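Heads up: the structure comes next, in structure tokens.
The values are calculated or read from the model by the stated rules, or taken from the named source; none is laboratory data. Keep in mind that this is a model prediction, so the values were computed, not measured. Backbone-built Cβ (ideal geometry, glycine too); neighbour counts: all protein chains shown.
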Amino acid sequence: MKDRSTARQASAGSESSLRQLAYSRIEELLNWGQLRPSQVISQRELVETTGMTLSAIREAVPRLEAEGLLQTLPQRGLMVPSLDVTFIREAYQMRRVIELSAIPDLIQRLDRVIIRDWVDWHRAASVRLTTDDTVDLQTFLRDLQVYDWQMHAAMVDSMENSLISNVYRVTAIKIRMTAQARVRVTRDNAKRVIAEHIAFLTPMLEGSADAAALALSRHIDQSLTIALGGTVAN
């Protein structure tokens, strides 16, 4: 009996791991614009794209639906949500609420060495982008995007609240879907983002919550304006 119980537990654990891996691979497709807003795709096409089994994809889909990242279309397949104005505004509103709420916890709990490393990384990136004509721009911009995502997530994680962190993760995916579909990342945009990051990271490093919140709020406002098709000063 014990051997059978152990086997069942191992099987359940394996199925759970495959479901999580399938979810993560679909998440990556959404993050990088390989699944586009309003695109319709079948579960079998997801099998081919992700390299996962059909059962793992089927088990991952309900979670993606519950989070508003996919929608089921009867007899047609799965659709990536369209990016209407409401979708974009709600995603950015949620981002604002969570990130600004994280600032006091971040200043109190996060090791200043980590914030210093963020500031130093951005300053070095700014110098490189401004002075190094040989930089591989596409690789640089992709690295900047990944660093941006990881840094903002770490800021929210400083609240030490797994529920908030998960809501933020899903919100961030929606914002990335918007960015991949509507925002053209350029050298000038990268310079602006780096400068805006430094503007809120510096007061964070100094322990000034109010100044950090003001600069972070402006950064989010700028991002929303661009996502809605507007322009901002670099």
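With respect to Ala211, determine if the residue is surrounded by 14 or more Cβ atoms within 10 Å (Cβ to Cβ) and either free of Cβ contacts under 8 Å to residues at least 12 places away in the same chain or within 19 Å of Arg95 (Cα to Cα) (or both).
Values: surrounded by 14 or more Cβ atoms within 10 Å (Cβ to Cβ): yes; either free of Cβ contacts under 8 Å to residues at least 12 places away in the same chain or within 19 Å of Arg95 (Cα to Cα) (or both): yes.
Considered against the rule, which asks whether it is surrounded by 14 or more Cβ atoms within 10 Å (Cβ to Cβ) and either free of Cβ contacts under 8 Å to residues at least 12 places away in the same chain or within 19 Å of Arg95 (Cα to Cα) (or both), Ala211 comes out as yes.
Only one residue in Arg184, Arg169 is assigned by TED's automatic domain parsing to the domain that holds Ile103, of a type in the set (Lys, Arg) and assigned to a loop (DSSP other than H, G, I, E, B), so which one is that?
The match here is Arg184.
Got a number for residues in the stretch 195-234 being touching a helix residue (DSSP H, G or I) at 6+ places or on another chain (Cβ under 6 Å), assigned by TED's automatic domain parsing to the domain that holds Val97, on the phi < 0 side of the Ramachandran plot and not hydrophobic (A, V, I, L, M, F, W, C)?
Result for the stretch 195-234: 4.
Tell me yes or no: at least one residue of the stretch 214-233 is closer than 25 Å to Glu67 by Cβ, over 15 Å from the mean Cα position of the chain (by Cα), touching a residue at least 60 places away in the same chain (Cβ under 8 Å) and part of a helix (DSSP H, G or I).
Yes, some residue in the stretch 214-233 is closer than 25 Å to Glu67 by Cβ, over 15 Å from the mean Cα position of the chain (by Cα), touching a residue at least 60 places away in the same chain (Cβ under 8 Å) and part of a helix (DSSP H, G or I).
Could you tell me whether any residue of the stretch 93-103 is under 15 Å from Arg176 (Cα atoms), in a helix (DSSP H, G or I) and outside the structural domain of Met151 (by TED's automatic domain parsing)?
Within the stretch 93-103, none of the residues are under 15 Å from Arg176 (Cα atoms), in a helix (DSSP H, G or I) and outside the structural domain of Met151 (by TED's automatic domain parsing).
Considering each residue of the stretch 58-75, count those that are in a helix (DSSP H, G or I), more than 16 Å from Arg36 (Cβ to Cβ) and touching a residue at least 12 places away in the same chain (Cβ under 8 Å), and give that number.
Taking the stretch 58-75 and keeping what is in a helix (DSSP H, G or I), we get 58-66.
Those left that are additionally more than 16 Å from Arg36 (Cβ to Cβ): 58-63, 65-66.
Filter once more, keeping what is touching a residue at least 12 places away in the same chain (Cβ under 8 Å): 58-61, 63.
Summing the residues that are in a helix (DSSP H, G or I), more than 16 Å from Arg36 (Cβ to Cβ) and touching a residue at least 12 places away in the same chain (Cβ under 8 Å) in the stretch 58-75 gives 5.
Checking Leu78 against (1) buried (at least 17 other Cβ atoms within 10 Å of the Cβ); (2) at pLDDT 95 or above; (3) part of a helix (DSSP H, G or I), which test does it fail?
The number of the failed condition is (3).
Among the residues of the stretch 98-114, count how many are within 19 Å of the chain's Cα centre (by Cα) and farther than 12 Å from Asp157 by Cα.
1
Within the stretch 158-165, is there a residue that is under 15 Å from the mean Cα position of the chain (by Cα), assigned by TED's automatic domain parsing to the domain that holds Glu99 and not aromatic (Phe, Trp, Tyr)?
Yes, the stretch 158-165 has at least one match.
Which of the following residues is crowded, with 16+ Cβ neighbours inside 10 Å, on the phi < 0 side of the Ramachandran plot and acidic (Asp, Glu): Asp133, Asp120, Asp105?
Numbers: Asp133 fails: crowded, with 16+ Cβ neighbours inside 10 Å; Asp120 fails: crowded, with 16+ Cβ neighbours inside 10 Å.
Sole residue among the options that is crowded, with 16+ Cβ neighbours inside 10 Å, on the phi < 0 side of the Ramachandran plot and acidic (Asp, Glu): Asp105.
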